[in-house]
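Structure, as structure tokens:
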Amino acid sequence: MTTSKIVGTDAGDARVTWHEAEKARLVLAVGHGAGGGIEARDLRAIAAALPEHGVTVALVEQPWRVAGKKVAPAPKTLDTGWRGVWPALAAPGLPVVSGGRSAGARVACRTATELGAAGVLALSFPLHPPGSPEKSRAAELLGAGVPTLVVQGGNDPFGKPAEFPEGDYELVEVPHGDHGFAVPMGVPPRERSRAWGRADIGQERAVTIITDAVTAWLTTLG
């Protein structure tokens with residue numbers, strides 16, 4: 001069952017779209033990035049796949065998106081919006097995993113401990129701006145303070161998996177995926193040995209890697 005609800009926050013009205021599990025054991029709340037909304041392929045796939053595994057998925061649209069604005073506000077305002085939505089996410093009385101893609105992943109990491117999140121799901125964590133590895137945001141990821149799963153595209157210009165520092169988190173790579181987990185139609189022969197045993201994993205397989213990884217990881221949380 002899918003329902004949407006407007007939730008007032010100090011940053012404006014947010015919207016939560018619930019994809020409810022019949023017998024939920026936890027809630028996975030996922031925010032979008034600065035360049036798009038909850039229609040992102042990974043968010044749609046997670047919302048479709050997880051409820052049958054006992055996970056209610058709440059896709060959260062930040063107030064700036066609900067208001068129809070084109071540019072995301074400062075991180076502090078994003079955090080305010082996320083904090084304001086949290087009571088609605090926790091209302092079912094279940095553990096809440098805080099998640100997001102890109103900028104939304106940063107929000108989840110920054111606020112996880114104070115909000116009492118059961119874990120953090122970081123999709124396409126923007127480790128650094130493209131071309132500027134010296135401007136690292138690793139401290140946000142390493143400071144989450146709760147069990148954390150990072151799912152990262154192998155060719156993400158915001159940070160390839162090999163660039164991530166060692167830390168107390170899990171990382172799953174989507175081979176050849178970009179920041180939106182799009183994969184090329186063909187894989188160069190020299191890279192085929194790294195493509196999960198296939199010359200071309202294809203977009204469907206790339207999405208399955210994401211949903212399988214998230215499902216398996218959430219099982220470890222309860």
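Could you figure out which of (1) modelled with pLDDT under 95; (2) touching a strand residue (DSSP E or B) at 6+ places or on another chain (Cβ under 6 Å) isn't true of residue 201?
(2)
Could you list all residues from the range 109-132 that are among the hydroxyl-bearing types (Ser, Thr, Tyr) and either more than 19 Å from residue 88 (Cβ to Cβ) or part of a loop (DSSP other than H, G, I, E, B) (or both)?
113, 124, 132
Consider residue 100 against the criteria (1) open to solvent by 10 Å² or more (accessible area, probe 1.4 Å); (2) within 29 Å of residue 129 (Cβ to Cβ); (3) within 18 Å of the chain's Cα centre (by Cα): it satisfies all of them except one. Which criterion is unmet?
The single condition residue 100 does not satisfy is (1).
Can you tell me how many residues in the range 61-96 are of a type in the set (Gly, Ala, Ser), farther than 20 Å from residue 114 by Cβ and open to solvent by less than 40 Å² (accessible area, probe 1.4 Å)?
Final tally of qualifying residues: 1.
What's the number of the only condition in (1) among the aliphatic types (A, V, I, L, M); (2) touching a helix residue (DSSP H, G or I) at 6+ places or on another chain (Cβ under 6 Å); (3) not in a strand (DSSP E or B) that residue 151 fails to meet?
The single condition residue 151 does not satisfy is (3).
Is it the case, given these coordinates, that residue 45 is in a loop (DSSP other than H, G, I, E, B), out of contact with any strand residue (DSSP E or B) (no Cβ under 9 Å at 6 or more places or on another chain) and of a type in the set (A, V, I, L, M)?
no
Being open to solvent by less than 20 Å² (accessible area, probe 1.4 Å) and either within 14 Å of residue 91 (Cβ to Cβ) or assigned to a strand (DSSP E or B) (or both) is the filter here; which residues of the range 8-23 pass it?
14, 16, 17
Would you please name the residue that is nearest to residue 147 (Cα to Cα), looking only at residues in the range 157-173 that are assigned to a loop (DSSP other than H, G, I, E, B) and of a type outside the set (Phe, Trp, Tyr)?
Checking each candidate, the answer is 168.
Please specify each residue of the range 120-146 satisfying the condition of being surrounded by fewer than 18 Cβ atoms within 10 Å (Cβ to Cβ), on the phi < 0 side of the Ramachandran plot and of a type in the set (Gly, Ala, Ser).
132, 136, 138, 139, 143, listed by residue number.
Take residue 3 and tell me if it is in contact (Cβ under 8 Å) with a residue 24 or more places away in the chain, among the β-branched types (Val, Ile, Thr), part of a strand (DSSP E or B) and within 25 Å of residue 222 (Cα to Cα).
It is false that residue 3 is in contact (Cβ under 8 Å) with a residue 24 or more places away in the chain, among the β-branched types (Val, Ile, Thr), part of a strand (DSSP E or B) and within 25 Å of residue 222 (Cα to Cα).
Name the residues in the range 103-119 that are closer than 16 Å to residue 180 by Cα and either open to solvent by less than 10 Å² (accessible area, probe 1.4 Å) or in contact (Cβ under 8 Å) with a residue 60 or more places away in the chain (or both), would you?
Across the range 103-119, the qualifying residues are 103, 104, 105.
The values are calculated or read from the model by the stated rules, or taken from the named source; none is laboratory data. This structure is a prediction, so every number in the text was calculated from the model and none was measured. So basically every Cβ, Gly included, is an ideal-geometry build from the backbone, and we count neighbours across all protein chains shown. Just the protein is used for accessible areas: all its heavy atoms, side chains included, with ligands, DNA and RNA removed. Shrake-Rupley method; radii C 1.70, N 1.55, O 1.52, S 1.80 Å.
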